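Trainee: Provided herewith is a single structure, encoded as structure tokens, for subsequent inquiry.
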Amino acid sequence: MLASLTLPAALPTASASLTVRRAERTDLVAIVRLLTDDAVSASRGDQAEEGAYARGLEAILADPGNDLVVAIDGDGAVVGTLQLTLIPGMARGGSTRLLVEAVRVDGSRRSGGVGTALMRWVTDVAAPELGATLVQLTSDARRADAHRFYVRLGFADSHVGFKYRVPPVGDAGR
């Protein structure tokens, strides 16, 4: 958990009152719903059993270099989430990076300012509080709408990312 983050915090949007706070174990079902709510996620197996997500959440909450936050609407519903990882580095003069992962907004709330509010909180509040000089993220190549969204927020599509899926231990195909 990134303990120096000031949470909960208000997230200003034009249409709703939102709050960002640390995820809690009781948010698991809502977070899994957000993570599995689209075709891209489903195509890569994000429909895993809940136990795998519970183990992931526990690991994030126990790791001082990571945090998982949720955006909550006025009714207490989880309408967005993202993971933050602080990465000390050698490149760029020893700069510290804030990695943003698994950004998701409830399908019925997209284009309503939730994602913008969450990402503005990351760049304007979380990154400076954590001492990060660079915010970075990756996005699946098939998420063209998300790419336009990040560019609109000032992110540069400056790098090409690569992923390598490690086969399970004992996989004969290795």
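Trainee: Quickly work out the V169-to-I87 label distance, labels modelled 7 Å from Cα along the C-beta direction, and quote it in nm with one decimal.
Mentor: 2.5
Trainee: Per the helix-only calculation at 222 nm, which mean residue ellipticity applies to the chain, given -39500 (n - 2.57) for every DSSP H run of n ≥ 4 and division by its residues, nearest 500 deg cm²/dmol?
Mentor: Values: 7 runs with 51 residues, N = 174.
After summing the helix terms and dividing by the residues of the chain, the value is -7500 deg cm²/dmol.
Trainee: Moving on to the next point. Find the all-direction average of the projected area of the Cα convex hull for the range 9-152, expressing the result in square nanometres with one decimal place.
Mentor: Over every viewing direction, the Cα hull of the range 9-152 projects on average to 9.0 nm².
Trainee: Let me ask another. Could you calculate the contour length gain from S4 to L153, that is, 0.36 nm times the residue separation minus the distance between their Cα atoms, to one decimal place in nm? Don't skip to the end; give the middle numbers.
Mentor: Working: separation 149, 0.36 × 149 = 53.64 nm, distance 2.46 nm.
Stretched fully, the S4-L153 segment lengthens by 51.2 nm.
Trainee: Could you give me the ³J(HN,Hα) list for the range 114-129, computed from phi with Karplus coefficients 6.51, -1.76, 1.60 and θ = phi - 60°, whole Hz, x at Gly and Pro?
Mentor: With the stated coefficients, the range 114-129 comes to 5, x, 4, 4, 4, 5, 5, 4, 4, 6, 9, 10, 4, 4, x, 4 Hz.
Trainee: Shape verdict for the range 128-174, please, from the Cα gyration tensor: rounded (a/c under 1.5), prolate (a/b greater than b/c) or oblate. Working shown, then result.
Mentor: On the way: a/c = 3.64, a/b = 1.79, b/c = 2.03.
Here the range 128-174 falls in the oblate category.
Trainee: So how much slack lies between S43 and L61, counting 0.36 nm per residue of separation and subtracting their Cα-Cα distance, in nm?
Mentor: The span from S43 to L61 would gain 3.8 nm if fully extended.
Trainee: Give a residue-ordered list of calculated ³J(HN,Hα) values for the range 90-107 (Karplus: 6.51 cos²θ - 1.76 cosθ + 1.60, θ = phi - 60°; whole Hz; x for Gly, Pro).
Mentor: After applying 6.51 cos²θ - 1.76 cosθ + 1.60, I find 9, 5, 6, x, x, 6, 9, 9, 10, 8, 10, 10, 6, 6, 9, 10, 3, x Hz.
Trainee: Cα centroids of the range 106-120 and the range 56-85: how far apart, whole angstrom?
Mentor: Between the Cα centre of the range 106-120 and that of the range 56-85, the gap is 15 Å.
Trainee: Quick query: amide H of Q136 versus all other amide H atoms, modeled in the peptide plane; which residues come in under 5 Å with a sequence gap of 5 or more or a different chain?
Mentor: L98, L99, V100
Rule-based calculations on the coordinates, nothing more; no lab input. Bear in mind the structure is a predicted one, so any value in this text is a computation, not a measurement. Ideal geometry is used to build each Cβ from the backbone, glycine not excepted, and the neighbour counts take in all protein chains shown.
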